[in-house]
Amino acid sequence: TPRVFSGIQPSGNLHLGNYLGALKRFVDMQQPDMETIYCMVDLHAITVWQDPKELAHSTRELCAGFIAAGLDPDKSILFNQSQVPEHAQLAWIFNCVARMGWMQRMTQWKDKAGKNQQNASLGLFAYPSLMAADILTYHATHVPVGDDQKQHLELTRDIATKFNHDYGVDFFPITEPVIEGAATRVMSLRDGSKKMSKSDPSDMSRINMTDDADTIAKKIRKAKTDPDALPSEVDGLEDRPEARNLVNIYAALNDQTVEQVLAEVGGKQFGEFKPMLAELAVAKLAPISSEMARLMGEQAEIDQILAKGAEKARAIAAPILQQTYEIVGMVGSK
Ligand code: AQP
């Protein structure tokens with residue numbers, strides 16, 4: 001059976017980009033013939049400073065978001081990365097397989113470290129190596145992510161290939177990225193050239209999964225657009241990043257293709273389309289946010305789900321790490 005792994009950082013508010021690019025697709029892949037493993041990646045989150053109380057809160061809130069969006073702890077393994085030590089242990093091995101030059105080429109590293117690389121954490125630099133460990137400690141075959149993670153997944157393949165080659169084994173699978181759907185890259189509502197992100201200082205740039213209906217409607221109403229009507233064909237979205245973004249969001253929320261959406265809304269002005277989008281967004285997101293809020297009142301339940309999930313995850317990860325140690329020549333634990 002295909003084994004699906006992915007994760008989201010508990011580093012702040014879950015937003016529409018995380019939902020459409022990742023979480024909604026995690027739910028789509030939760031099928032009887034798939035093994036699905038989804039993680040709150042707190043070790044990744046601390047590669048930049050996190051206030052401890054907020055980290056704990058965000059981790060539980062993210063878990064609530066997973067469940068509210070439709071992940072079922074009886075069908076998927078849901079857990080917090082730090083509670084399965086095999087991730088960090090395998091990451092160390094991969095730190096010794098990966099090359100400095102590979103990491104230096106990562107655009108996320110360059111973007112997040114900015115000009116002052118000397119002052120960035122060593123963890124931020126090694127981030128993709130830990131991500132490779134997350135995936136490969138389960139021998140995962142499929143990894144659903146947003147478009148921004150494509151480069152890290154290629155690096156995961158490079159690490160698996162080099163490990164297999166260096167040790168003369170066929171041990172780690174070459175993982176397939178699953179970057180699909182109409183919204184693999186949701187853009188800022190204020191600037192169609194920037195991705196929607198948690199760290200954008202403007203809250204108007206993103207729709208948070210915890211936003212209420214009025215806030216969602218206001219953010220969509222104020223979203224940047226151009227003055228033209230919507231086209232009827234996809235070609236007509238070229239060089240219109242803001243228009244394309246809103247159409248992509250509509251399509252993804254409504255499980256349609258961009259072509260289908262344009263067939264319906266082509267010719268409409270934004271004054272007409274934006275309220276349609278707002279209504280759809282509220283209809284799809286409000287039930288998730290109210291269920292998240294309810295679950296946040298049941299902290300003991302969330303903690304128990306995470307504890308059980310970690311146990312199930314370890315049962316898969318531990319033997320794979322043990323085999324890795326044997327391949328590398330590490331003795332003493334058997
Ligand atoms: N804008 C987006 N469109 C589509 N997918 C997105 N993802 C993130 N932003 C978008 C996908 O969400 C998953 C979790 O990503 P993460 O936990 O690494 O979050 P992030 O990329 O750190 O989120 P932000 O908001 O972009 O944070 P900052 O502002 O810190 O950079 C991944 O699958 C990702 O592709």
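The values are calculated or read from the model by the stated rules, or taken from the named source; none is laboratory data. All figures in this text were calculated on a predicted structure; none of them were measured in a lab. Counting neighbours? That spans all protein chains shown, and the Cβs are built from the backbone with ideal geometry, glycine included.
No other residue among L78, L71, L43 is touching a residue at least 40 places away in the same chain (Cβ under 8 Å), part of a helix (DSSP H, G or I) and assigned by TED's automatic domain parsing to the domain that holds A317 apart from L43. Within region 86-140, the set of residues being away from the ligand (no atom under 16 Å from the Cβ) and polar (S, T, N, Q) comprises Q89, N95, Q104, N116, Q117, Q118, N119, T137. Counted as qualifying within region 84-152 are no helices (runs of 4 or more DSSP H), as none has 3 or more residues that are surrounded by 21 or more Cβ atoms within 10 Å (Cβ to Cβ) and of a type in the set (F, W, Y).
Applying the criterion of being under 14 Å from F79 (Cα atoms) and small (G, A, S) to the residues of region 36-63, the residue that is surrounded by the most Cβ atoms within 10 Å (Cβ to Cβ) is S58.
Selection of region 91-118 for residues being within 24 Å of K195 (Cβ to Cβ), of a type outside the set (G, A, S) and in contact with a helix residue (DSSP H, G or I) (Cβ under 9 Å, 6 or more places away or on another chain) yields W102, M103, Q104, R105, M106, T107, Q108, W109, K110, K112, Q117. For region 1-57, the set of residues classified as more than 10 Å from the ligand (Cβ to nearest atom) and of a type in the set (G, A, S) consists of A56 only. Restricting the search to helices (runs of 4 or more DSSP H) fully inside region 179-265 and requiring at least 2 residues that are closer than 24 Å to D28 by Cβ and within 12 Å of the ligand (Cβ to nearest atom) gives 241-253. Would you tally the residues in region 124-159 being of a type outside the set (V, I, T), more than 16 Å from the chain's Cα centre (by Cα) and more than 16 Å from M103 (Cβ to Cβ)? Of the residues in that region, 3 qualify.
Can you confirm whether region 26-35 contains a residue that is under 18 Å from A183 (Cα atoms), buried (at least 19 other Cβ atoms within 10 Å of the Cβ), among the charged types (D, E, K, R) and modelled with pLDDT of 95 or more? Within region 26-35, none of the residues are under 18 Å from A183 (Cα atoms), buried (at least 19 other Cβ atoms within 10 Å of the Cβ), among the charged types (D, E, K, R) and modelled with pLDDT of 95 or more. Across region 266-307, the qualifying residues are those that are outside any helix (DSSP H, G or I) and without any contact (Cβ under 8 Å) to a residue 24 or more places away in the chain, and the one among them that is surrounded by the most Cβ atoms within 10 Å (Cβ to Cβ) is E298. Within region 166-178, being free of Cβ contacts under 8 Å to residues at least 60 places away in the same chain and away from the ligand (no atom under 12 Å from the Cβ) holds for G168, D170, F172, P173, I174, T175, E176.
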